[in-house]
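The structure under discussion appears below in the form of structure tokens.
The values are calculated or read from the model by the stated rules, or taken from the named source; none is laboratory data. What you see is a predicted model, and the numbers here were worked out from it, not measured in a lab. Please note: Cβ atoms are built from the backbone with ideal geometry, for glycine as well, and neighbour counts cover all protein chains shown.
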Amino acid sequence: MRLAAYPDDVDPGGATAHDGRDLAPRPLTNLGAARVLILNASYEPLHVCSVKRAITLLMHDLAERVQDGDRVLRSPSSVVAVPSVIRLRRYVRRPHRQRVAFNRKNVFRRDDHTCQYCGVRSHDLTLDHVHPRSRGGPTSWENVVACCRRCNATKRDRTPKEAAMVLRRRPAAPAFLFSSVYGVLPDADPAWEAYLPRGR
Ligand SMILES: [Zn+2]
């Protein structure tokens, strides 16, 4: 496969625009930290992996480049554009275990650290059982939301209707594995936006 995304006659380290702006692609130094979005053959987002893993998939021709980022990897003999989005050549079924784990942290992520009643964004939120746990409400994606302490104290052991409080959206299990869908992955690549589900 063709690894180098830049033609041989371009010196990736020295390119300079007419206005003097430095065009040199930024070298990537941390292979483990960067992330690449993997799409299924159907273009459905599947997974996020390290650059190292993505390059391996590309080298084995198991995936193709969809979009490159502005980073490069250098070796003594080549310069390789760091992929931002790749697509598997073969369709893979999504295993069930890829469901997002239900836990406190992921509920906060799903709800974007925002109280689902009043909309305040905070890192001091608690969890609210929409249908109160004391009255049989399950602890599940569908019945637990992020809630500020003030709203939690107001709602007490009541349903939203009884407390005259309105949920900002109906809680549900995230359809997508990655919290980047909810805008909380700090290093989520803007290039992924076109491939992530709408109507989060
Ligand atoms: Zn609130």
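To keep it simple, each residue is scored yes or no on (1) more than 20 Å from the chain's Cα centre (by Cα); (2) of a type in the set (Asp, Glu); (3) modelled with pLDDT under 80.
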| site | (1), (2), (3) |
| --- | --- |
| Ala33 | no, no, yes |
| Glu44 | no, yes, no |
| Ser50 | no, no, no |
| Asp70 | no, yes, no |
| Pro95 | no, no, yes |
Within segment 143-157, does at least one residue satisfy the condition of being more than 15 Å from the ligand (Cβ to nearest atom), more than 16 Å from Asn103 (Cβ to Cβ) and either surrounded by 12 or more Cβ atoms within 10 Å (Cβ to Cβ) or modelled with pLDDT of 95 or more (or both)? yes
Inside segment 105-138, the number of residues satisfying the requirement of being within 10 Å of the ligand (Cβ to nearest atom), hydrophobic (A, V, I, L, M, F, W, C) and farther than 19 Å from Thr159 by Cβ is 2
Taking first residues from segment 103-132 that are under 9 Å from Ala146 (Cα atoms) and in contact (Cβ under 8 Å) with a residue 40 or more places away in the chain and second residues anywhere that are polar (S, T, N, Q) and part of a loop (DSSP other than H, G, I, E, B), the pairs with Cβ under 9 Å that are 6 or more apart or on different chains are His113/Ser122; Thr114/Ser122
Filtering segment 160-170 down to residues that are within 16 Å of the ligand (Cβ to nearest atom) and either closer than 19 Å to Val107 by Cα or out of contact with any helix residue (DSSP H, G or I) (no Cβ under 9 Å at 6 or more places or on another chain) (or both) yields Pro160, Ala164, Val166, Leu167, Arg168, Arg169
